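Asks: First the structure, then my questions, so here it is.
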Amino acid sequence: MAEPLSGILVTGGAGFIGSAFVRSALARRPGARVVTLDALTYAGSTANLDGLDPDRHVFVEGDIRDGALVRQLLDEHAVGLVVHLAAESHVDRSITGPAAFVETNVLGTQTLLDASRAAWADAAGVRFHHVSTDEVYGDLGPDDPAFTEQTPYAPSSPYSASKAGSDHLVRAYARTYGLPVTITNCSNNYGPRQYPEKLIPVVIQRALDGEPIPVYGDGGNVRDWLFVGDHCDAIWAVVERGAVGETYNVGGNAEVDNLALVRALCAVMDDRRPEGAPHADLVEFVTDRPGHDRRYAVDTAKIEGLGWAPGQSLRSGLEATVDWYLGHQDWVAAVLPTEAS
Ligand code: NAD
């Protein structure tokens, strides 16, 4: 009988959520080899993978659009689980340069799906898990019910449109070819190693440096926030207990508007760095993002049915995140481009 396929391929594993997932995979599957495939765009860094056991973790610098490379990795490492996180992920960048989002998020996903289908023609017990966003559902009015898995797709930005396209392809490969897939659509993540262009790390860094803290529009845009470790646990819940072919929404049940979030972060900074208090005085309202979704909220009843619930409260998660960034300014310096580049 053929050996079971125990290898795990994590795409985008040198990014924010991907590197947290790689760590969780090594802890959760002690007998498994974990392979990270990452193109090391501006958002990826091997600094995110420092300290991992080289006997159990393999880092491969490469593009998910390279079908031959993906196929080689699937075969060479007996991969039975693909967790697909590689993406262009920043909404603002998708507004100024949408092409890269279509290339990586849509065409890259299709390349991975094709390679997995070919590699797994005769395999049992394999899984392709696709990590997506709640932004595919568009936005909500203040009193609308939260997004469920039945909410029709209505993406607003080139980022969310490209993620929606990738979700549709994943479902089509399940329906057309019988590829065993699962999908998670998650709300905003935060935590250690998030590239310092996203809201929470920007606020922490600006507060620390005593620089203006930009808040889009009136700061009233509402997001749901989930600690990155809770997101990794949710992915495992779906991979291990979810039904093949199904989609699960993931969220933190922590809805808050951007201004309140920024103020909460400033309050943690006031506690940790009292010499700069009150950090909220640094808030500066800036011109809103075009097409800015007003509110996202996620109904998590379906994934809760798998026994998953977020472990961190927003407050404990924000404190842990601030403390991580304050203790890892060397990481911030390592991942940000230098003035000359
Ligand atoms: P990130 O930008 O921090 O990391 C993305 C990683 O993908 C980087 O390491 C980058 O180098 C790599 N990558 C980009 N293009 C690639 C390519 N063509 N080939 C190989 N690697 C490539 O993103 P993140 O915030 O960690 O998000 C990971 C995934 O989770 C994405 O699919 C994103 O859509 C999804 N997601 C993110 C959030 C969030 O709040 N951050 C929420 C829900 C879903």
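Asks: What FRET efficiency comes out for residue 313 versus residue 273 if R0 is 22 angstrom and r is the Cβ-Cβ distance? Round to the nearest 0.05.
Replies: 0.50
Asks: Need one number: nm distance between label points at residue 176 and residue 336, each 7 Å from Cα along Cα→Cβ, rounded to one decimal.
Replies: 4.5 nm
Asks: Taking the Cα-to-Cβ direction at residue 323 and at residue 68 and moving 7 Å from each Cα, how far apart do the two end points lie in nm?
Replies: 5.0 nm
Asks: Now, a different point. Give a residue-ordered list of calculated ³J(HN,Hα) values for segment 148-155 (Karplus: 6.51 cos²θ - 1.76 cosθ + 1.60, θ = phi - 60°; whole Hz; x for Gly, Pro).
Replies: Rounded to whole hertz, the list is 10, 5, 8, 4, x, 6, 8, x.
Asks: Per DSSP H run of at least 4 residues, take -39500 (n - 2.57); add these up for the chain, divide by its residues and hand me the 222 nm value, nearest 500 deg cm²/dmol.
Replies: The helix-only estimate for the chain comes to -11000 deg cm²/dmol at 222 nm.
Asks: Between residue 29 and residue 92, how high is the FRET efficiency from 1/(1 + (r/R0)^6) when r is the Cβ-Cβ distance and R₀ = 35 Å? Nearest 0.05.
Replies: Calculated value: 0.45.
Asks: Using R₀ = 25 Å, calculate the FRET efficiency as 1/(1 + (r/R₀)^6) where r is the Cβ-Cβ separation of residue 3 and residue 61; round to 0.05.
Replies: Efficiency for this residue pair is about 0.35.
Asks: Just need the relative contact order of segment 73-198 here, percent rounded to a whole number, with Cα pairs under 8 Å and 6+ apart.
Replies: 33 percent
Asks: Ignoring ligands, DNA and RNA, what percent of the 1.4 Å accessible area of segment 187-249 is carbon and sulfur?
Replies: 47 percent
Asks: Give the accessible surface of the chain per residue, rounded to a whole number of Å², with probe radius 1.4 Å and ligands, DNA and RNA excluded.
Replies: Solvent-accessible surface per residue comes out at 42 Å².
Asks: So, one more: Under a Cβ-only charge scheme (Lys and Arg +1, Asp and Glu -1), can you give me the dipole magnitude of segment 183-328 about the Cα centre, in debye to the nearest 20?
Replies: Computed about the Cα centre, the dipole is about 200 debye.
Asks: Now for a different question. Amide H to amide H, which residues 5 or more places from residue 216 or on other chains are under 5 Å from it, using H placed in the peptide plane?
Replies: Counting only residues 5 or more places away or on other chains, the set is 286.
The values are calculated or read from the model by the stated rules, or taken from the named source; none is laboratory data. Being a predicted model, the structure only gives us computed values, none of them experimental. Glycine also receives a Cβ, built like all others from the backbone with ideal geometry; neighbour counts cover every protein chain displayed. For accessibility, only protein heavy atoms count, side chains too; no ligands or nucleic acids. Shrake-Rupley method; radii C 1.70, N 1.55, O 1.52, S 1.80 Å.
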